[in-house]
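Laboratory data are not the source of any read-out in this text; all were calculated from the coordinates shown. A quick note: this is a predicted structure, and the numbers were derived from the prediction, not measured. Positions of Cβ are backbone-derived with ideal geometry, glycine not excepted, and every protein chain shown enters the neighbour counts.
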Amino acid sequence: MTRIFLVIGLLALFLSLTPILAADYIFDTVGSEIIFDGTLLKSGKTLHYTQKIQVLDPQIMQSDGFDIIHHTHLLSDYFTEEKVLFYKVEKDGIYLVATADQLGGELSVYEEPSLELPLPPEKGKKWQRTRIEGGNLTELNLEITDVDKEITIGDKTEKTVVVKVSGTTVHQGKSSKTEKEIFFSKVGRVKQITKQYISDSEVAVSTFTLKNIIEPGEKSEKNQEPKAEEAAVKDSESTKTDNTKNP
């Protein structure tokens, strides 16, 4: 009987230490870096930017209440923006539950978890979302309009779940129309198109598309390559010196 309780205790300990299973439709490989190419078309001018997402370890961050943490950077020649996003993955969907303006910054926890994508995704599924985004109040209606839409990402064709979004954004007391089209492949969000109707005659269009996913192993290998090259150069120089001393 004692052995049975011991086995049960060890099994419970193992399960408590086992990391969350891989989740579909969201980048969840700890240590990976996801890079997007982006453009913003406004007032006839095009601004290019890069978005980077680093997937952090919730245990290292001492954030046991979250399943996935994304540390994001938006980079351009004119501005930079940092954000930390905290997610929970439930049986019925992927939820954004908290944000921070920077790593280690004060946590802003949503009163109600914000549903990003229902699971499993079903065509025709509708839901609503109200939250603060970038200091602005957004009230949005969302609908899954396709579950196997093929789009081209780089040199690959990806099957995606398409979420169409419409609603309003309130900025400095002024309300404007917002439209989005978000494409999720099994690995995560791979493309997003956002239209912000500034006025009846002016629309700002932002588009970002997945460029590259750097896995943790690939990252370390790339970091080691320069060292290997440096070692080769040093060996070559050492050989030359030895040959000079001993012709």
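Per this entry, residue 37 is counted among residues that are in contact (Cβ under 8 Å) with a residue 40 or more places away in the chain and in contact with a Phe, Trp or Tyr (Cβ under 8 Å, 6 or more places away or on another chain). Considering the stretch 97-113, and only residues there that are without any contact (Cβ under 8 Å) to a residue 24 or more places away in the chain and hydrophobic (A, V, I, L, M, F, W, C), the residue that is farthest from residue 186 (Cα to Cα) turns out to be 107. Which of the residues belonging to the stretch 95-109 are of a type outside the set (A, V, I, L, M) and surrounded by 15 or more Cβ atoms within 10 Å (Cβ to Cβ)? The answer is 95, 99.
Residue-wise test of (1) within 25 Å of residue 179 (Cβ to Cβ); (2) acidic (Asp, Glu); (3) surrounded by 12 or more Cβ atoms within 10 Å (Cβ to Cβ).
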residue	(1), (2), (3)
80	no, no, no
83	yes, no, yes
88	no, no, yes
93	yes, no, yes
113	yes, no, yes
121	yes, no, yes
135	yes, no, no
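In the stretch 45-62, the residues that are within 10 Å of residue 33 (Cα to Cα) and in contact (Cβ under 8 Å) with a residue 12 or more places away in the chain reach residues that are among the small types (Gly, Ala, Ser) and assigned to a strand (DSSP E or B) with C-beta atoms within less than 9 angstrom, at least six apart or across chains, in these pairs: 53/188. Of all residues in the stretch 150-191, those satisfying the criterion of being part of a strand (DSSP E or B) and of a type in the set (Asp, Glu) are 150, 158, 179, 181.
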